[in-house]
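Everything on this sheet refers to the single structure shown next.
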Amino acid sequence: MDFNINALNISNQLFQQQQQQSNNNIPLANSFFNNNNTSATAISQGILAYSNALGQIRTPRQPFSCLTNNNLVEEMNLEKGLEHSNHHIKTENNILKCPSSTTTKEFRTELERLKYWERRSKNNEAAKHSRTKRREREQLLQQKVMELERENLRLRNELEEEKRRKIFYSVIVVLISRNYRGDVDLTIIEKFIPFLVDMEEEGKLTPIVDVADAIFVFIKYNNVYVVAVSDHNVNVALMQTFLYKLVGVFSEYFKDVEEESVKDNFVIIYELLDEMMDFGYPQVTEGRILREYITQEGYKLEKSQIRPPMAVTNAVSWRSEGIKHRKNEVFLDVIESLNLLITVLSANANGVVLQSEIIGSVKMRVFLTGMPELRLGLNDKVQFENTGRGRSKTVELEDIKFHQCVRLSRFDDKLTDSDMKNDRTISFVPPDGEFELMSYRLSTVVKPLIWIETVIERFSHSRIEYMIKAKSQFKRRSTANNVEIIIPAPRDADTPRFKAAIGHCRYVPEETAFIWNIKSFPGGKEYLMRAQFKLPSVVSEEAERKPPVKIRFEIPYFTTSGIQVRYLKIIEKSGYQALPWVPVRFLTTASTLSKNSEVLNETATELVKSIVEEYENKGKMFTLPWVDQHAINSALYPFKELLNLGIQPEFLEDACLHEEKLFRSMIKNGQSIYKMLTIFVENFIMNYEDSIRIWCDLLENETPQSIQSRINLFSGRGLASGIGLRRIFEKCPELLFGSEVQKMDICLEQISNFFESADLKTIVNNTPHICLLDPTELESKYEYIYFHMGFVSEELAKSKCWMDLDLFSIIDRHSLLLKTGKYFYPDPKRPQLKKENPSPELIFDTPENKFASLVADVEHEEWLIFRELCEQQRRLEDKQEPYEK
């Protein structure tokens, strides 16, 4: 009875709490299970009584939640296989009934009821244990599945990698090969390919590989490997150089060296391989020489032409015979670069030189006729000591590298026989055009040309301030240009502030430094710069990095090493004389120059007076308005500007004395002359000295506007730019001076109707004077060549003389070739086929006196008679059009 009363009391108490909690939307389970003073049996009886009051039954161990709208308990049974039902529990004479089921479960005694619930509890415990075991088995199976999946993924990756390697092996194939000596098995390359793939994947690829008792030296160009194989102890540097030369020659013939281009040009490649190497020894590696007898078109030459050029059979493979120039000129530049590295030690202390290195080169531009020999003399220390002039100012050359044209036997003692005299002379037969004659390097410690002093002041947890003082330690007549001083800064510096006496400063966070740029730094000057940075966090000085200060600058007409060109002799068997005006430039990297206005005025005035005095000595008078300050300033303007740009007074004096028109133009129209020179420099990527050398005699009657309009005509059409545009105007100066822009535009428009853009560029670059010809005559010539001779635009673009021949000469040459059977087009039986005919270059570019014998295979007299007969026939026919259109 006590038990039932307690259970009913708990039931009533729970019912009241449920009513109260439902009003507050609070779950009943929270307040019920927080009652720690209630026993498990009492809780079970209370739940049964409470469920009876609600009209629902709830079995023990089943979680529930209270529905606040109807105060119902939602039942959720988590045990598998158990049936869920709603029961009405009625407590009467200790008998419980289940009206919802077909049978009624009755307990006669309390013990029977307790046993029943005990069995239910045991079943629940067994089910719980079973679920735990099942979860453990599932987790174990899941782990095994994951391990199998990982193993499967690993095997799949290995399989894919193996497939990829097999595909890669199959992709790497030998495109072309040449065995010069026959002592290397051709199948040895198959051992090299897997080794190459493995080394490339591991990132340990080297240009020299020793595999299977053979040495493989290779280079990679685009997607092609060029490999040289030998089983002897060979000169590896020579092999590498030859491979690069080989790729360079291939590029000259078919532009890009790729798989497709190699397959398409295998015939030419075999010819080049046979000519460039013989029995494993390199022979001819100059593309310009190879092009003279290995042509990409592959047409057959006449018997008189089937011979190698002289450049191949003699020792001078870098220069061809028969070179001719209108002007014989030689230009020589000595360029030196001084690399100076100074470290910052501490505040209020001078820097210390860490590295001082001089790198120099001698560059030449040679435009000489024939096969000349040049001899260059420098103030070489060894040469002067051998001749007993050791006290003279000399320089000891080290780490010298010469161009292949230099005869080393006359320079190096080690390469000279005992009975041969060695005078340390640089003797050479130069290539035609621009090349680097020699380079050298000196590691001698020299006086810093610009000295840097630094003072660093730190303010704890706030900022850091710099005071940088730069002082030039060279003579006042020289000027350093494009000075760049790089000062390291803290990593966490921000909010930079600069104040410089000259130049400008900028902060470069990615380099953790700030740069002080000075465009012009005259000699004997000193400038100051202050910088300030804020520091969000401060690091101790001991732990802070202290990299050195770096300085970069350029000084024109100044050599740090003291090298001098003593003489330059030109020897040629024909005995011609080169122009006496062969200036030599000395500079530490090409740059600009800036001086103060007082020095410029004084220097320009002295320069002009010196030029006038020289002309007076020659009997020519120049009267200048020295009294009129405005007029004299206008006359001196171009000289001051050119001096400010770094041009030496000696060069300007020589140029004005050499070309009187230049001096007269600079005095009369100085501003226009300077603007035109500036246009040349900006558009042609050249310096002011070269622009004066090339066009000094053509500037008198031109204006900057007309020059710029002619340049825009060619650059606007995309025909050329930069150096290419300069070469066009050098070949035909009339395009730049004196020509009418409108007529040239009409001519270019007419030519563009016949040729593709690439062919048009080729024609304008090879024969720029075509822009000055009559477009109507050009149209007639092109139509005859295209329709009657069958040459397409791409073939005709390679000819350089077709536009210079008159129409009747073209017709007569074609007619003679048809009569002699040397030309077939079209085929009367099969007009769709085109037979092999002489190329346009051979037909049109052959001179008149050699056309008959070289092309038509007849005598020259027969050719003259044939032309006269054709002319008489034209007079008799008196046609309005020379050919049927």
- Note on the structure: Expected sort for 356-364, 253-261 on mean C-beta neighbours within 10 Å, highest first, is 356-364, 253-261
- Task: Calculate the spin-label point distance for E734 paired with L869, positioning each point 7 Å from the Cα along the beta-carbon direction, and give it in nanometres.
- Result: 3.6
- Residues whose modelled amide H sits under 5 Å from the amide H of K550, counting only those 5 or more places away in sequence or on another chain, are I486
- Item | region 508-519 - phi-based ³J(HN,Hα) in whole Hz, Karplus 6.51/-1.76/1.60, Gly and Pro as x | 10, x, 5, 9, 6, 7, 10, 10, 9, 9, 10, 5
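Sort 620-627, 770-777 for me by packing, meaning the mean count of neighbouring Cβ atoms within 10 Å per residue, highest on top. Please list the in-between numbers first.
Numbers: 620-627: 10.1, 770-777: 15.9.
Descending packing order for the listed peptides: 770-777, 620-627.
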- Item | Farthest toward positive dipole pole in region 450-553 [+1 Lys/Arg, -1 Asp/Glu at C-beta], among I464, F474, I551 | F474
- Applying the Karplus parametrisation 6.51 cos²θ - 1.76 cosθ + 1.60 with θ = phi - 60° to the phi angles of region 112-127, what ³J(HN,Hα) value in whole Hz is obtained for each residue in order, glycine and proline being reported as x? 5, 5, 5, 5, 4, 5, 5, 4, 4, 5, 5, 4, 5, 5, 5, 5
- Message: Please compute the length gained on full extension between D210 and Y244, using 0.36 nm multiplied by the number of residues separating them and subtracting their Cα-Cα distance.
- Response: 10.2 nm
- Going by how many other beta carbons lie within 10 Å of each one, how would you line up T285, T846, fewest first? T846, T285
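Based on the alpha-carbon gyration tensor of region 450-553 and its eigenvalue square roots a ≥ b ≥ c, which shape applies: rounded if a/c is under 1.5, prolate if not and a/b is larger than b/c, or oblate? Please list the in-between numbers first.
Working: a/c = 2.31, a/b = 2.20, b/c = 1.05.
It comes out prolate by the Cα gyration axes.
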- Message: When a/c reaches 1.5 or more, the comparison of a/b and b/c decides; with that in mind, is region 775-885 rounded, prolate or oblate per its Cα gyration tensor?
- Response: rounded
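Any idea what the dipole of region 775-885 comes to, in debye rounded to 20, about its Cα centre with Lys/Arg Cβ at +1 and Asp/Glu Cβ at -1?
On the way: 16 positive and 23 negative charges, 93 e Å.
That gives a dipole near 440 debye.
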- For region 866-875, in residue order, the Karplus 3J(HN,Hα) values (coefficients 6.51, -1.76, 1.60; θ = phi - 60°; whole Hz; Gly and Pro = x) are 4, 5, 5, 5, 4, 5, 5, 5, 5, 5
- Item | Mean Cβ count within 10 Å, highest first, over the residues of peptides 109-121, 740-752 | 740-752, 109-121
- Message: Run the reach check for K122 against aspartates and glutamates, Cα to Cα strictly under 20 Å, same-chain hits fewer than 8 apart removed. What comes back?
- Response: E79, E83, E110, E112
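Quick note: the coordinates plus some simple rules give every number you see, no bench work behind them. Keep in mind the model is a prediction, meaning the values are calculated, not measured. In this analysis, Cβ positions are derived from the backbone assuming ideal geometry, glycine residues included, and neighbour counts consider all displayed protein chains.
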